[in-house]
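The values are calculated or read from the model by the stated rules, or taken from the named source; none is laboratory data. The structure presented is a predicted model; accordingly, all values stated were derived computationally and were not measured. Neighbour counts are summed over all protein chains in view; Cβ atoms, including those assigned to glycine, are modelled from backbone coordinates with ideal geometry.
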């Protein structure tokens, strides 16, 4: 089981990365495009990242609308959600 600080750190990274992609996770859940379970899965996938410090640096240096770095384990999810919201 993941330590609660690790989960909180990665939940924050997932939220920040989604926001950078133009995805409001709360709104996406309210519209039914993302389930709570899928969000949990995204956070757990993020905890498997070997470079959270690199992600934090990337987030600090990129603006809204930038595409996620190729090492992001949730890049495909965020791209899919952004395209759904654009419809």
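Within region 27-68, being closer than 22 Å to residue 84 by Cβ and out of contact with any helix residue (DSSP H, G or I) (no Cβ under 9 Å at 6 or more places or on another chain) holds for 30, 32, 37, 40. Is region 1-14 home to any residue that is outside any helix (DSSP H, G or I), surrounded by 15 or more Cβ atoms within 10 Å (Cβ to Cβ) and either at pLDDT 95 or above or in contact with a helix residue (DSSP H, G or I) (Cβ under 9 Å, 6 or more places away or on another chain) (or both)? Within region 1-14 (the criterion being outside any helix (DSSP H, G or I), surrounded by 15 or more Cβ atoms within 10 Å (Cβ to Cβ) and either at pLDDT 95 or above or in contact with a helix residue (DSSP H, G or I) (Cβ under 9 Å, 6 or more places away or on another chain) (or both)), the answer is no, since none of the residues qualifies. Summed over region 75-87, the residues that are part of a loop (DSSP other than H, G, I, E, B) and closer than 16 Å to residue 11 by Cα give a count of 0.
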